[in-house]
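Participant: I'd like to ask you about the structure that follows.
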Amino acid sequence: MTSTYAVLSEGLEKRFGTVHALRGLDLAVARGTVCGVLGPNGAGKTTAVRLLTTLLRPDAGSARIAGHDLVREAAAVRRRIGVTGQYASVDGDLTGRENLRLFARLHRVRGPAARAGELLDRFELTEAADRPASTYSGGMRRRLDLAASLIRRPDVLFLDEPTTGLDPASRNRIWDAVRDLRADGTTVLLTTQYLEEADQLADDIALVDHGRVAHTGSPAQLKALIGSYAEIVVAHAGALTDAAAVLDQLTVSEPSFDHERNAVGAVTADPTLTVPRLVRELDAAGVPLLDASLRPPSLDDVFLRLTGSKELVA
């Protein structure tokens, strides 16, 4: 029977000397979905990706990738996955077309020229196909790198920070490519340092912390865990401290200040909090109020609240 999950790990552990990088990682990624893996610095996320792509061997636990055992069938796993790392793996001295033909021959793909042409067209690189890759922009090199990882039509694609350093237009092209891959049935495991990217692309998110998956769910489900984001705009900077004191009684996160707007905000998990109640509390405290609002939290709010970290490293 075909498994519902393209990636399924149970109790994965990995040590590097005295460092316990993974402490029992449980991860389930449904077929044909995009899973965003996020975590603070040192959480073990990079180690997890290296294990799941057979670059490292786990010390304990098990995993199945595209239906194959990670350890006993490592060669079969490698035949079913594609990997795009943080840095382009293409040869700058070769043209885009030559790079893709080379990858196709290395992977023994039938019709390497035709497959290269198909991917060049798919990633809008046909006009630049016969130029050296060293002349490509950063966004073009990332698209070429992504094309190379798709030479064998992988069942599972691991993307490690695919848009780091790209301009918004190039980033949007990569996003469109990921959406197309999902529509075609490819499972994508995505690490990213851009929370907006995970919010835009991921069907589900796994928050990794201290070597374990601490929380999982869709972006909407994770946002629902922490309630709303309350923001207050006051008449002058001198009232910010009093406004923050009111928020401190109603919310569960440290207040964040926007001094240019004379605004202060924080996350609340109180489902009964309403704007009228917030206004009443501020009025009772004598805070000169210009505006008060409640909005759904962003993934930034989720990350800070659920991991207690101010730093995201993908």
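The values are calculated or read from the model by the stated rules, or taken from the named source; none is laboratory data. In this text, all values refer to a predicted model and were calculated from it rather than measured experimentally. Quick reminder, even Gly has a Cβ in these numbers, built from the backbone with ideal geometry, and neighbours come from all protein chains shown. With ligands, DNA and RNA removed, areas are computed over all heavy atoms of the protein, side chains included. Shrake-Rupley method; radii C 1.70, N 1.55, O 1.52, S 1.80 Å.
Participant: Here's a check for you: in the stretch 79-101, which residue that is without any contact (Cβ under 8 Å) to a residue 40 or more places away in the chain and surrounded by fewer than 17 Cβ atoms within 10 Å (Cβ to Cβ) is farthest from residue 50 (Cα to Cα)?
Facilitator: Within the stretch 79-101, the match that is farthest from residue 50 (Cα to Cα) is 94.
Participant: Check off (1) in contact with a Lys or Arg (Cβ under 7 Å, 6 or more places away or on another chain); (2) within 20 Å of residue 303 (Cα to Cα); (3) surrounded by fewer than 17 Cβ atoms within 10 Å (Cβ to Cβ) for residue 59 and give me the number that stays unchecked.
Facilitator: The one condition residue 59 does not meet is (2).
Participant: Follow-up. Among 301, 270, 291, which is the only one that is of a type in the set (D, E, K, R) and at pLDDT 95 or above?
Facilitator: 291
Participant: Still on this structure, please answer the following. Filter the stretch 153-191 down to the residues that are of a type in the set (A, V, I, L, M), in a strand (DSSP E or B) and under 16 Å from residue 205 (Cβ atoms) and list them by number.
Facilitator: 159, 188, 189, 190
Participant: I'd like the full set of residues that are more than 30 Å from the chain's Cα centre (by Cα) and either of a type outside the set (D, E, K, R) or buried (at least 17 other Cβ atoms within 10 Å of the Cβ) (or both), limited to the stretch 260-280.
Facilitator: Within the stretch 260-280, 262, 272, 273, 274, 275, 276, 278, 279 meet the criteria.
Participant: Can you pull out every residue in the stretch 281-304 that is more than 13 Å from residue 232 (Cβ to Cβ) and either free of Cβ contacts under 8 Å to residues at least 24 places away in the same chain or open to solvent by less than 30 Å² (accessible area, probe 1.4 Å) (or both)?
Facilitator: Once the filter is applied, which keeps residues that are more than 13 Å from residue 232 (Cβ to Cβ) and either free of Cβ contacts under 8 Å to residues at least 24 places away in the same chain or open to solvent by less than 30 Å² (accessible area, probe 1.4 Å) (or both), the stretch 281-304 yields 284, 297, 299, 301, 302, 303.
Participant: Residues of the stretch 168-193 being without any contact (Cβ under 8 Å) to a residue 60 or more places away in the chain and among the hydroxyl-bearing types (Ser, Thr, Tyr), which ones?
Facilitator: Across the stretch 168-193, the qualifying residue is only 170.
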